[in-house]
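Here is the structure we will look at, set down as structure tokens.
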Amino acid sequence: MESIALWGFPFFKPTNMKRYFLWGLALLCCSLSLKAQRTASEELTQTFLKKDSIVFDQGFNKCNLKLLETQLADDLEFYHDIAGFQNKQEFLDAMAKNICGNPQQSYQRKLVPETHELFPLYDNDELYGMIQRGKHEFFVKKRGGTKFSKTGSALFSSLWIKTDGKWLLKRTYSYHHGPN
């Protein structure tokens, strides 16, 4: 087969045909993998902002531990870069003692909205999980005080699993705690 040159570039030379085929195959694979990446819909984003609100606004900020417990998987694992590992019962006990059981001060956690990200997890086109990550800030108000003061911030990543149609928090990581 004779090669045809276009602007000095040989198009149909047999050795180049194999190279073009491999490049084309590589581009096709890349485009398919890009298409496979999915983002959370607006509906899912609202669902997980509500879940975040239940866990933190209700559970952490208002100490509604009964409602918080309904959001947690029985095999919850909580990893904290300062306080270490806790299972579900240890997590709830620590919340009751350290956050809700201190009459001298009140605590508050706020999500930094622009850092909130969601990553859906699918198994054969069926949504089974969600990775949630972002940054949150922590505040404290002394007993008798009138306003909360920022004490620090941290990053978090959480794995939510859909079980019998209900989203439950299964794994959560709170890390990179610092003053900002």
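The values are calculated or read from the model by the stated rules, or taken from the named source; none is laboratory data. Small disclaimer: the values here were computed from a predicted structure and weren't measured. For neighbour counting, all protein chains shown are included, and Cβ atoms are generated from backbone atoms with ideal geometry for every residue, glycine included.
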**Message:** One residue is enough: does region 127-144 have a residue meeting the conditions more than 22 Å from residue 48 (Cβ to Cβ) and in contact with a His (Cβ under 8 Å, 6 or more places away or on another chain)?
**Reply:** no
**Request:** Could you check, for region 97-108, whether at least one of its residues is modelled with pLDDT of 95 or more, within 20 Å of residue 170 (Cβ to Cβ) and either touching a His at 6+ places or on another chain (Cβ under 7 Å) or exposed (fewer than 14 other Cβ atoms within 10 Å of the Cβ) (or both)?
**Result:** no
**Prompt:** Out of all the residues in region 96-116, which are hydroxyl-bearing (Ser, Thr, Tyr) and assigned to a helix (DSSP H, G or I)?
**Reply:** 115
**Request:** Give the residue, chosen from 138, 119, 85, that is farther than 13 Å from residue 167 by Cα and either buried (at least 16 other Cβ atoms within 10 Å of the Cβ) or not aromatic (Phe, Trp, Tyr) (or both).
**Result:** 138
**Item:** Sole residue being within 21 Å of residue 179 (Cβ to Cβ) and free of Cβ contacts under 8 Å to residues at least 40 places away in the same chain, chosen from 148, 139, 91
**Value:** 139
**Message:** modelled with pLDDT of 95 or more and part of a helix (DSSP H, G or I): is that true of residue 93 in this structure?
**Reply:** yes
**Asked** Which of the residues belonging to region 117-154 are of a type in the set (Phe, Trp, Tyr) and assigned to a strand (DSSP E or B)?
**Response** 119, 122, 128, 138, 139
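Of all residues in region 54-88, count the ones that are among the basic types (Lys, Arg) and in contact (Cβ under 8 Å) with a residue 40 or more places away in the chain.
Here is the first cut: in region 54-88, the ones among the basic types (Lys, Arg) are 62, 66, 88.
If we keep only those that are in contact (Cβ under 8 Å) with a residue 40 or more places away in the chain as well, we get none.
Summing the residues that are among the basic types (Lys, Arg) and in contact (Cβ under 8 Å) with a residue 40 or more places away in the chain in region 54-88 gives 0.
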**Request:** For region 56-79, name all the residues that are out of contact with any helix residue (DSSP H, G or I) (no Cβ under 8 Å at 6 or more places or on another chain) and in a helix (DSSP H, G or I).
**Result:** 56, 57, 61, 66
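Residues 121, 159, 111: which one is within 18 Å of residue 44 (Cβ to Cβ) and in contact with a helix residue (DSSP H, G or I) (Cβ under 8 Å, 6 or more places away or on another chain)?
On the way: 121 fails: in contact with a helix residue (DSSP H, G or I) (Cβ under 8 Å, 6 or more places away or on another chain); 159 fails: in contact with a helix residue (DSSP H, G or I) (Cβ under 8 Å, 6 or more places away or on another chain).
Of the residues listed, the single one that is within 18 Å of residue 44 (Cβ to Cβ) and in contact with a helix residue (DSSP H, G or I) (Cβ under 8 Å, 6 or more places away or on another chain) is 111.
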**Asked** Which of (1) touching a residue at least 60 places away in the same chain (Cβ under 8 Å); (2) within 16 Å of residue 53 (Cβ to Cβ) does residue 110 not meet, given it meets every other one?
**Response** (1)
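Pick out the one residue from 101, 145, 134 that is more than 20 Å from residue 63 (Cα to Cα) and small (Gly, Ala, Ser). So that I can check it myself, show each step before the final result.
Details: 101 fails: more than 20 Å from residue 63 (Cα to Cα); 145 fails: more than 20 Å from residue 63 (Cα to Cα).
When all the criteria are applied, what remains is 134.
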**Message:** Kindly evaluate residue 153 against the criterion of being over 17 Å from residue 46 (Cα atoms), touching a residue at least 24 places away in the same chain (Cβ under 8 Å) and in the same structural domain as residue 71 (by TED's automatic domain parsing).
**Reply:** yes
